[in-house]
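Peer 1: Pasting a structure here, questions to come.
Please treat every number below as a calculation from the coordinates, not as lab data. Predicted model only: the values in this text are computed from it and were never measured. Neighbour counts run over all protein chains shown; Cβ positions are idealised from the backbone, glycine included.
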Amino acid sequence: MEFIAKSGSPQKQRTGCIVAGVFDSRKLSVRARQIDQATEGMISSLLRRGDMEGKLGQTLLLHHLPNLPSERVLLIGCGKEREFAEAQYCDVNVKAAKLLNETGATEMTTYLTELEVKGRNIAWKVRQSVTTIEDVIYRFDRLKSKSVSPRRPLRKVVLAVPKRSDISAGEQAIKEGKAISNGVAMTKDLGNLPGNICTPTYLAEQGTEFGREYSVATSVLEATDMEELGMGSLLSVSRGSRQPPKLIVLEYKGGHEGDAPIALVGKGITFDSGGISIKPAGQMDEMKYDMCGAASVLGTLRATAELQLPLNVVGVIAAAENMPGGNANKPGDVVTSMSGQTVEVLNTDAEGRLVLCDALTYVERFKPTSVIDIATLTGACVIALGSHASGLLGNSEPLARELLTAGKESYDRAWQLPLWSEYQKQLDTNFADMANIGGREAGTITAACFLSRFARKFKWTHLDIAGTAWKGGKAKGATGRPVPLLTQFLINRCRNK
Ligand code: BES
Ligand code: MN
Ligand code: ZN
């Protein structure tokens, strides 16, 4: 998709479709009013006749209005003006993009970017429009025998900015928006691929190929390497599977040599059957998404490389498949992690923490300034926060705050849960240093407690993306979250350097 930032009034645009907002009830936005004036009151008379109230998400597509060089005008209902905020802004962008992608118009000029969103500037609105439109346009049809793409898809979007002097901010916003969207699309693609294609080996190949294309140094540790390092916990997870595990290491070097990197650690369980503690059959297919943390590490590195951010970032992906088998982990087994700490595997379905703990110990060698792990770790997080916020826990308040802020800015939000020492007791066991589960209560927190024991040597934050990484139901698919949050965090780190 081509995006352009431009200033100018709708009467002068020659394009496939002009998009403008109408508030409830029948209150024209500034640009809709200009269209109304140019067309001698066509819009207001249509509204008077009851064709549109302006309720959020309503649409009215008009063709060949008099005195307008554009073929179409799309009016979008924006709801009550004083309730118009970020969520509504995203909604109207989704509406416009969905509708126009399925009409004959291949280009649009949108004035939605000029609507007032409290606390948000033009750069934010432009960037959010870019990522929202790309999100709507995204298709995953490579496994269908015939493509299901629309016949005349949207190809070009002009994003209106109020003044000429806003154009350069608009262009920078487009650049960031496109980089984020490319990272999101890469993450979605990997997430949507099924477990029989997207194996740990496939992830390693994709990581290596990405590294070659973007000059990111890549290496892959094999099971034998992991044995030498003593990664008994990670290895125990893959033992039930025919698929060999991989530890994928990517080093993006945009900063000065020797500058301490930021480390991103991703859970890459390419299929989570639960293992011997096997999951129920319903929706088990969704456990192909259990590598979305890993995919978001790749997606974020892709956005980072595209933006050529001036910092060093290390990505580490712990990839394995969790299956039952003659050699699989059994409840009660005790394994020794790379850190030397022993773990009693009381439930083989709590495998994410078992692979992540060794990956966390592994990143110590990079002496990172901050470590962020990203994982579809607990069903409890879906219950606690639903699909709107990722769970966030960690051992450094300033780092947590940085990430929460980046989430708000990118509108890919996270919500912090406490990591108080009282919860640690739930991991006590008579037979090892810790158990891998902490009982029914506070499942997201006890999972993070487990990880915290492997993150003592650095500032660390854990993002539980079990509820945010994919959508179920009819629109089933990976979301690409939290690539926007992570990329924003890295962009902010560059600004504050
Ligand atoms: N991958 C799952 C977490 C998950 C479950 C994500 C449902 C999204 C939707 C993870 O490996 C898991 O199975 N966690 C268990 C932990 C439990 C055994 C302590 C869970 O959440 O039930
Ligand atoms: Mn599991
Ligand atoms: Zn899992």
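Peer 1: Are there any chymotrypsin sites (Phe, Trp or Tyr not before Pro) in region 423-497 that are in a DSSP loop and have at most 14 other Cβ atoms within 10 Å? List them by number.
Peer 2: F431
Peer 1: If you find the alpha carbon centre of region 168-241 and of region 330-346, how far apart are they in angstrom?
Peer 2: Cα centres, region 168-241 to region 330-346: 26 Å.
Peer 1: Would you mind counting up the charge near S273? Only other residues with Cβ under 13 Å from its Cβ, with Lys and Arg at +1 and Asp and Glu at -1.
Peer 2: Taking every Cβ under 13 Å from that of S273, the sum is -4.
Peer 1: In degrees between 0 and 90, to the nearest 10, how far off the longest principal axis of the chain does helix 443-452 point, with axes built from Cα atoms?
Peer 2: Roughly 60 degrees between the two axes.
Peer 1: Helix 167-192 versus the longest principal axis of the chain: what is the Cα-based angle in degrees, 0 to 90, to the nearest 10?
Peer 2: Value to nearest ten degrees: 50.
Peer 1: Something else: Taking region 394-475, which GluC sites (Glu not before Pro) meet the DSSP loop condition and have no more than 12 other C-beta atoms within 10 Å?
Peer 2: Working: sites: E402, E409, E422, E441; in loops: E441.
Counting only loop positions with at most 12 other Cβ atoms within 10 Å, the GluC sites (Glu not before Pro) in region 394-475 are E441.
Peer 1: Once you have the Cα-Cα distance between K253 and L61, take 0.36 nm times their residue separation minus that, and quote the gain in nm to one decimal.
Peer 2: Numbers: separation 192, 0.36 × 192 = 69.12 nm, distance 4.85 nm.
In short, 64.3 nm is gained.
Peer 1: Hey, another quick one. Between the helical axis of 352-363 and the dominant principal axis of the chain, each derived from Cα atoms, what acute angle in degrees is found, rounded to the nearest 10?
Peer 2: On a 0 to 90 degree scale, this one is about 90.
Peer 1: Under unit Cβ charges (Lys, Arg +1; Asp, Glu -1), what dipole magnitude, rounded to 20 debye, does region 305-380 have relative to its Cα centre?
Peer 2: Numbers: 4 positive and 9 negative charges, 40 e Å.
Magnitude of the dipole: close to 200 debye.
Peer 1: Assign one of three labels to region 338-497, namely rounded, prolate or oblate, based on the Cα gyration tensor with a ≥ b ≥ c the square roots of its eigenvalues; rounded applies when a/c is under 1.5, prolate when it is not and a/b is larger than b/c, and oblate otherwise.
Peer 2: oblate
Peer 1: Determine the shape class of region 147-204: with a ≥ b ≥ c the square roots of the Cα gyration tensor eigenvalues, call it rounded for a/c under 1.5, and otherwise prolate if a/b is greater than b/c, oblate otherwise. Before the final figure, lay out each step's value.
Peer 2: Values: a/c = 6.11, a/b = 1.99, b/c = 3.07.
Since a/c reaches 1.5 but b/c is at least a/b, the shape of region 147-204 is classed as oblate.
Peer 1: In Å³ and rounded to a whole number, note down the convex hull volume per residue for the Cα atoms of region 156-283.
Peer 2: It comes to 193 Å³ per residue, whole-number rounded.
Peer 1: How compact and how long is the chain, expressed as Rg and Dmax of its alpha-carbon atoms in Å?
Peer 2: 24.5, 82
Peer 1: If you don't mind, there's one more thing I want to ask. Counting only C-alpha contacts under 8 Å and six or more residues apart, can you give the relative contact order of region 123-265 as a whole percent?
Peer 2: Working: 95 pairs, mean separation 32.3, N = 143.
Value for region 123-265: 23 percent.
Peer 1: Give me the Å³ per residue figure for the convex hull around the C-alpha atoms of region 91-238.
Peer 2: Value for region 91-238: 177 Å³ per residue.
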